[in-house]
Amino acid sequence: MTTSAPGTVAGRRLAVLTVLLGGLTAFGPLSMDLYLPAFPRLAADLGATQAQVQLTLTADVLGLVAGQLVLGPLSDAWGRRRLLLGSTALCALASLLCALAPTVGALTVWRFVQGFAGGGGIVLARAVAADLTTGVAAARLFSLFMTLSSGAPIIAPVIGGALLAWTGDWRVVFHLLAVLNAVLAVAVWRAIPETLPEERRHRGGLRQTGRAFAALVRDRAFLGYALTVALAYAALFGYISGSSFALQQHYGLSASAFSAVFALNAAGMVLLGLANARLVARFAVRRLLVLGLSVSAVAAVVLVLGVTAGAGLGLLAVLPPLFVVITTRGLVASNATVLGVQRGASAAGSASAVLGACMFGGGILVTPLVGLGPEGSPVPMALVVAGGALAALLATVVLTRSTTEPVAAIR
């Protein structure tokens, strides 16, 4: 076990840290959606309504946002390691209490706690990565993190469905999450050192935290990258929340065909995210970001035209542009995040907190919009996806265009 970090890490140690930090990054998004297939069984078991069960998901997402906003800035003052240990241990306990919840009200409370602690894992993993890596190494790590964060909510229901089919019990999902987090807590204790030395910490409590947030918001380039993350995820969550009704009710896809489309889009996003980890060694990060945003925006416009004027083409007018929009998240999310974190490197915990909150906050804000319009209509989904894609491009082009980036030398 190491309690102080070296200046840089490489080789086997970097590989171990990458696996652990990747696991911490993926856990929050994975736990958010892993139990979705069990909603009907959970409602019947706890005597809850559909709205009450849905509230347990909302509580988790709110916890994820709150955990990042609180624990990220605190880590700039207290250091990363002890908060990371505490958040992973708390998340394991909260997951176990979710499995034992006797009522839907208790489940809702523990889901918020689970999300809060899981949000700490996300923001602290990014802060540790920012402490230890710069340049190409940082861009590669953040590409992996954002690929996991983007892919986990899409893949999680598939895993959860398999667990439910195998065991028939929704509580098994939370038992599994408790075990996974306990393993992560032990691994953090043994392998992740303190990466923020005393001399680099910011003191001053809430006042200093407020100043750090204010400084980040006043930074035009950081604000541009934060808005890009929020708007890109708004487009992604618009797709996640609206595609089931649109593709199955309006276009008549069967459940199995819809699952295949969902899996294909997820695979495209994950593969491009992994490819991005190599591309950042050859091309400037901002250039890759603008490329992904531009291609996504064009495909989003085609998607809107397809659902409004391409009725005769049916799915051919919808599936190809939708695939392109979702796949390009692999170029957008990771690159916007690494540029934002490096931009706020002097307060990496606070910068990671804002970017993480923007990621999930964007999804929370747009999800209700997808329900507007006629039942099963693809138009609201297409408009939300297109609006997020176009606005994300605009945020990057307008707000970050004339700024010299600290990571401009990344090739």
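Note on Phe258 and Ala44: the extension gain reaches 74.4 nm, defined as 0.36 nm multiplied by sequence separation minus the Cα-Cα distance. For the pair segment 115-175 and segment 95-110, the centres of their Cα atoms are 21 angstrom apart.
With one equal scatterer per alpha carbon and no solvent term, the Debye-computed log10 I(q)/I(0) for segment 95-196 at 0.12, 0.22 1/Å reads -0.53, -1.28.
Sorting the segments 185-194, 61-70, 223-232 by their mean number of nearby beta carbons within 10 angstrom, highest to lowest, gives 223-232, 61-70, 185-194.
Got a sec? How would Cys358, Cys91 order by Cβ neighbour count within 10 Å, fewest to most?
Neighbour counts put them in this order, fewest first: Cys358, Cys91.
Bins of 20 Å, beginning at zero and ending with the bin holding the largest distance: percent of Cα pairs per bin for the chain, please. Here the calculated profile for the chain is 28, 58, 13, 0. Just to be sure I understand the curve: with the Debye formula and one point per C-alpha of segment 214-399, what is log10 I(q)/I(0) at q = 0.16, 0.18 Å⁻¹? Log10 of I(q)/I(0), two decimals: -0.92, -1.12.
Note on segment 37-142: Rg/Rh from C-alpha atoms, Kirkwood Rh, equals 1.10. With R₀ fixed at 25 Å, the C-beta to C-beta distance from Val398 to Thr308 puts the FRET efficiency at about 0.40.
Tell me the net charge near Arg41. Cut-off is 13 Å between Cβ atoms, Arg41 excluded, with +1 for each Lys or Arg and -1 for each Asp or Glu.
Around Arg41, the surrounding residues sum to -1.
Only the coordinates and a few stated rules stand behind these numbers; no lab work does. All of these numbers come straight from a predicted model, not from anything done at the bench. Cβ coordinates were reconstructed from backbone atoms using ideal geometry, including for glycine residues, and neighbour counts include every protein chain displayed.
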